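S.K.: Sharing a structure here in structure tokens format.
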2 protein chains.
Amino acid sequence: MKKLEKITPQKEDFSRWYTDVIKNGDLMAYSGSKGSIIFKPISFAIWDNIHKNLDILFKKQNVENVYLPLLIPESLLQKEKDHLSGFNPELATVTEVGGKKLNEKYFIRPTSETLFGDFFKNEIESYNDLPLIYNQWANVLRWEKTTNPFLRTREFMWQEGHTIHANANEAKKLTLEMLKIYKHFVESYLAIYVLDGYKTEHEKFAGAEFTLTIEAMMKDGKALQSGTSHYLAQNFTKVFDVKFKNKVNEYEYAYGTSWGLSTRLIGALIMAHGDDRGIVIPPKIAPTQIDIIELFASKEPKVHKLALQLQKLLSKQFSVKIDDSDKNPGFKAANSEIHGTPLKIEIGPKDVANNQVILVRRDTLVKQNLDISNLKDFVKQVSNVLDDIQTNLFNESKKRTYANFIEAKDFEEFKKYIAQNKWVVTHFAGNADDELAIKEQTGASSRCIPFECPINLKNNNCFYTGKKTDKIVIFAKAY
Amino acid sequence: MKKLEKITPQKEDFSRWYTDVIKNGDLMAYSGSKGSIIFKPISFAIWDNIHKNLDILFKKQNVENVYLPLLIPESLLQKEKDHLSGFNPELATVTEVGGKKLNEKYFIRPTSETLFGDFFKNEIESYNDLPLIYNQWANVLRWEKTTNPFLRTREFMWQEGHTIHANANEAKKLTLEMLKIYKHFVESYLAIYVLDGYKTEHEKFAGAEFTLTIEAMMKDGKALQSGTSHYLAQNFTKVFDVKFKNKVNEYEYAYGTSWGLSTRLIGALIMAHGDDRGIVIPPKIAPTQIDIIELFASKEPKVHKLALQLQKLLSKQFSVKIDDSDKNPGFKAANSEIHGTPLKIEIGPKDVANNQVILVRRDTLVKQNLDISNLKDFVKQVSNVLDDIQTNLFNESKKRTYANFIEAKDFEEFKKYIAQNKWVVTHFAGNADDELAIKEQTGASSRCIPFECPINLKNNNCFYTGKKTDKIVIFAKAY
């Protein structure tokens, strides 16, 4: 039987805290396959809920799901050189089958732009056949040197959207629309505030004309890229000969986009909401929304009867579990907290007599008595509290992010703030080499050129080059 | 724009018919990744419906979903020798990353018994921790030499269940329960009758003590294995040291099962129900259940208005599409048939005047007028017709299967019936070598030892060895 182990406090060592909570929360196990993890029932259920809810939003945008092969022949991936060089050091390569060497090598997909390019080629003839708005839910593999559960693993699960359009404007519009869906989803379902904007030239996707991103702030102040959407222009369609007859009967290459969001969001969820008692899962995405706990080790018949009755009632609307193990109530409460269940309902013999139960919120840990004489009212109140937890988690996330923005007037200030894990909002006129140098010296990377600058800036000159510029960039240390 | 191409009649050439209907029905595309296919929106949506509905049935049995890595280290797969030798010639092997040779090779999973074994080892301590009833939805890869879309592809998608139990009986019971779920699912949702039974020693899974199977009959008479459930006894748990403290405080190895069902069911669906007009998808699994077709090439405002009104009404309960392309009604009707939509609703100007529409069933092609003056009645009637299509498809499948059973008293008769693609139900006392010899001479393999013999047998002796035996085996050519 599982024992609860001590969780290192966040303030003491954030990365040990992270390791402790994912272990205690039964989120993952290490596997014999180095650099990849096992998704245990809770983390897989979170991903399943992300998958299901995001898929509904996609379908409202006429996205259709397809599935393309895992293996990319070497000849296909070599066609787009920028793209290949962006991924090459991380490509897992199949060279033999059953001990026999293959004539052509295959790469395990790190992403599928090339396969989609090759597929699209045969799917369109005229502008009438466009747009094609496809998505696939798939596993991909990138041979990372340093890995971290959920945040950076060799194999991960994601969705990757791939679309082609008859003109550039429509494709650019869709690139932005998908980013808006990501922002809406991460904020409304995962209750994490995200900042949206462009990636700099240095940080954009290999093969894209521009990349849009949403960036989330973790509780230690670091940034986590939570979803990206790329405008590919004709970069892949020219290489893969994806052309169509336009309205004036001329052949033209189609305009592409791609966009993805992955299981690293589970890591974001943990680090955006978790506390020293364990993880905290927002109600809209929680595999279990309510834990019912009987306040006696040995089962008290009246308490147990009420627990079962409330479970049956609440299960019509929520996912509810009763912990009916032999453990004592203190263990059960701590166990529920470690697993991040948004709401606990505690029932003791006195509560049965008084026609009430105790609600305990996971986010604030606030307890309240709740009358159960009118069961319809009771359910409504429980529903309201769950809604309030969802809203509160988001508001706290947003407040925390805003409190962490700061302007740096020069590189000295910049270094000081980055060392404090602040998000530095600043004018920037540097190039890719400057970004590399900044990263080497401070550990910070450019997170985005925000659509809207989140704070009022006092200076107009680049903190690094001193040049005057309109371009505003946010820098931070990132996962 | 797509054109409809001629479909080879089933009687003329069944395999060409198959290729024609999957191409015309937009089910798949070939990919640059040899031996694997692209699942286009319709086939992926069918798989998604299989996934969603089967997952609901699993969860009622307390199955929990997890996700384990794609890559199996060589050292791990080598631990169970029978298992390894069963898969070895088909193992795709990653030997290098980014051009550099790895110290240890990795195999792309052909199935995940070894990874689960390694995982389970650390998950249990005592009988209190058992059973663990896990499942994963995943892609797997087996380097097949000859491939056939959906039926046999190198990469395919499936679910693989893996469980461990505190005693053999419980594990055996679960092996059977999962097979029952498969039978129920394939019969109720895919409307395909299946025969259930044991695999012979020769045909069982590499590493299992016994294998249960459901076998479906295609319209050409051949069999298709549609799902299998394996009792693994302690074969993997001993190898991976998966042990627990039992009730008398002694260490004991756990008892395992595994069970799987894959995207080849899409092939089964096509070959069990399709006809010379295209595929036929049972309503319960159809991505589009109703196509509404306006009986004029140029849009007639009254007809179009009614079409939209009925779509809105029916969409509350069913998935409904209107074909509003510029094609003529004949093309639209044929296009709906090719794609297997269970029900068509045709509307012409006269129908609007007469307050009626025409229903056309995809299974029987029967047309009927349906009054729409009472819309509630209308929806009810549509619902009834869809139910009837579902039932009728299953009944036809069962009838066809039963009509194809036949007894063979000796090998001469056996050869004759197998040449006619019959399913030979017969006593059999042969061994693995005999099965191999039979397959070489006739192309037939043992499909199962049925739980219940489907016909009354006249002979008691083995058709092949002449020996007297109680064992009844069904032989057939198979996909």
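The values are calculated or read from the model by the stated rules, or taken from the named source; none is laboratory data. Computed from a predicted model, the values in this text were never measured in an experiment. With ideal geometry, Cβ positions are generated from the backbone for all residues, glycine too; neighbour counts draw on all protein chains shown.
S.K.: Quick test for you: out of B:Phe411, B:Phe405, pick the one residue that is surrounded by 14 or more Cβ atoms within 10 Å (Cβ to Cβ) and in contact with a strand residue (DSSP E or B) (Cβ under 8 Å, 6 or more places away or on another chain).
M.R.: Going through B:Phe411, B:Phe405 in turn, just one is surrounded by 14 or more Cβ atoms within 10 Å (Cβ to Cβ) and in contact with a strand residue (DSSP E or B) (Cβ under 8 Å, 6 or more places away or on another chain): B:Phe405.
S.K.: Could you check segment B:240-267 and list, in sequence order, the residues that are in contact (Cβ under 8 Å) with a residue 40 or more places away in the chain, surrounded by fewer than 21 Cβ atoms within 10 Å (Cβ to Cβ) and either out of contact with any strand residue (DSSP E or B) (no Cβ under 7 Å at 6 or more places or on another chain) or of a type in the set (Gly, Ala, Ser) (or both)?
M.R.: Passing the criteria: B:Asp241, B:Lys247.
S.K.: Within segment A:54-83, can you find the residues that are more than 11 Å from chain B (Cβ to nearest Cβ) and either farther than 17 Å from B:Lys40 by Cα or without any contact (Cβ under 8 Å) to a residue 24 or more places away in the chain (or both)?
M.R.: A:Leu54, A:Ile56, A:Leu57, A:Lys60, A:Gln61, A:Gln78, A:Glu80, A:Lys81, A:Asp82, A:His83
S.K.: Would you please name the residue that is nearest to the other protein chains (Cβ to nearest Cβ), looking only at residues in segment A:21-49 that are part of a helix (DSSP H, G or I) and of a type in the set (D, E, K, R)?
M.R.: Only one residue tops the list, namely A:Asp48.
S.K.: Out of curiosity, is B:Trp137 at the interface with chain A (Cβ under 10 Å from one of its Cβ atoms), over 18 Å from B:Asp241 (Cα atoms), surrounded by fewer than 20 Cβ atoms within 10 Å (Cβ to Cβ) and touching a helix residue (DSSP H, G or I) at 6+ places or on another chain (Cβ under 9 Å)?
M.R.: Yes: the conditions hold for B:Trp137.
S.K.: What are the residues in segment B:141-155 that are crowded, with 20+ Cβ neighbours inside 10 Å and either of a type in the set (Val, Ile, Thr) or free of Cβ contacts under 8 Å to residues at least 12 places away in the same chain (or both), if any?
M.R.: B:Thr153, the sole residue that qualifies.
S.K.: Now a separate question. Would you say A:Glu125 is out of contact with any strand residue (DSSP E or B) (no Cβ under 6 Å at 6 or more places or on another chain), more than 30 Å from B:Leu102 (Cα to Cα) and not β-branched (Val, Ile, Thr)?
M.R.: Answer is yes for this residue.
S.K.: Can you name every residue in segment B:6-20 that is within 23 Å of A:Asn122 (Cα to Cα), in a helix (DSSP H, G or I) and not β-branched (Val, Ile, Thr)?
M.R.: B:Arg16, B:Trp17, B:Tyr18, B:Asp20
S.K.: Among the residues that make up segment B:8-27, is at least one of them loosely packed, with under 14 Cβ neighbours inside 10 Å and closer than 22 Å to A:Tyr134 by Cβ?
M.R.: Checked against the condition, which is being loosely packed, with under 14 Cβ neighbours inside 10 Å and closer than 22 Å to A:Tyr134 by Cβ, segment B:8-27 yields no hits at all.
S.K.: Among the residues of segment B:96-107, are any modelled with pLDDT of 95 or more and within 27 Å of the chain's Cα centre (by Cα)?
M.R.: yes
S.K.: With in contact (Cβ under 8 Å) with a residue 12 or more places away in the chain, out of contact with any Cys (no Cβ under 9 Å at 6 or more places or on another chain) and charged (D, E, K, R) as the only criterion, which of A:Asp26, A:Asp13 stands out?
M.R.: Unique residue meeting the criteria: A:Asp26.
S.K.: Search segment A:91-123 for residues being more than 8 Å from chain B (Cβ to nearest Cβ), not in a strand (DSSP E or B) and not aromatic (Phe, Trp, Tyr), and hand back the single one that is nearest to A:Lys243 (Cα to Cα).
M.R.: Out of the qualifying residues, it is A:Lys121.
Listed here are the residues, each with its yes/no results for (1) aliphatic (A, V, I, L, M); (2) touching a Gly at 6+ places or on another chain (Cβ under 8 Å); (3) within 29 Å of B:Tyr127 (Cβ to Cβ); (4) surrounded by 21 or more Cβ atoms within 10 Å (Cβ to Cβ).
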| position | (1), (2), (3), (4) |
| --- | --- |
| A:Asp291 | no, no, yes, yes |
| A:Leu314 | yes, no, no, yes |
| A:Ile322 | yes, no, yes, no |
| A:Asn335 | no, no, yes, yes |
| A:Pro349 | no, no, no, no |
| A:Thr364 | no, no, no, no |
| A:Gln381 | no, no, no, no |
| A:Lys398 | no, no, no, no |
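S.K.: Further question: How many residues are under 21 Å from B:Ile108 (Cβ atoms) and β-branched (Val, Ile, Thr) when one looks only at segment A:119-152?
M.R.: Selection size over segment A:119-152: 2.
S.K.: Here's another thing I want to ask about it. Take segment A:50-83 and flag every residue that is surrounded by 18 or more Cβ atoms within 10 Å (Cβ to Cβ) and assigned to a helix (DSSP H, G or I).
M.R.: A:Ile50, A:Leu54, A:Phe58, A:Leu76, A:Leu77, A:His83
S.K.: State whether the residues of segment B:231-250 include one that is under 30 Å from B:Lys344 (Cα atoms) and either in a helix (DSSP H, G or I) or among the aliphatic types (A, V, I, L, M) (or both).
M.R.: no
S.K.: What tally of residues in segment A:118-146 results from selecting those that are of a type in the set (S, T, N, Q), more than 29 Å from the chain's Cα centre (by Cα) and closer than 25 Å to A:Trp158 by Cα?
M.R.: Qualifying residue count for the region: 0.
S.K.: To continue, here is another question. Cβ-Cβ distance below 9 Å, separation of 6 or more or different chains: which pairs start in segment B:178-190 with a residue that is without any contact (Cβ under 8 Å) to a residue 60 or more places away in the chain and end on one that is β-branched (Val, Ile, Thr) and surrounded by 19 or more Cβ atoms within 10 Å (Cβ to Cβ)?
M.R.: Partner pairs satisfying both residue conditions: B:Lys183/B:Val194; B:Lys183/B:Ile214.
S.K.: Please state which of the following conditions A:Trp158 fails to meet, knowing it meets all the rest: (1) within 25 Å of the chain's Cα centre (by Cα); (2) crowded, with 16+ Cβ neighbours inside 10 Å; (3) more than 25 Å from A:Asn249 (Cα to Cα); (4) within 11 Å of chain B (Cβ to nearest Cβ).
M.R.: Checking A:Trp158 against (1) within 25 Å of the chain's Cα centre (by Cα); (2) crowded, with 16+ Cβ neighbours inside 10 Å; (3) more than 25 Å from A:Asn249 (Cα to Cα); (4) within 11 Å of chain B (Cβ to nearest Cβ), the one that fails is (4).
S.K.: When only residues in segment A:454-479 that are buried (at least 18 other Cβ atoms within 10 Å of the Cβ) and without any contact (Cβ under 8 Å) to a residue 60 or more places away in the chain count, which is nearest to A:Thr401 (Cα to Cα)?
M.R.: A:Ile472
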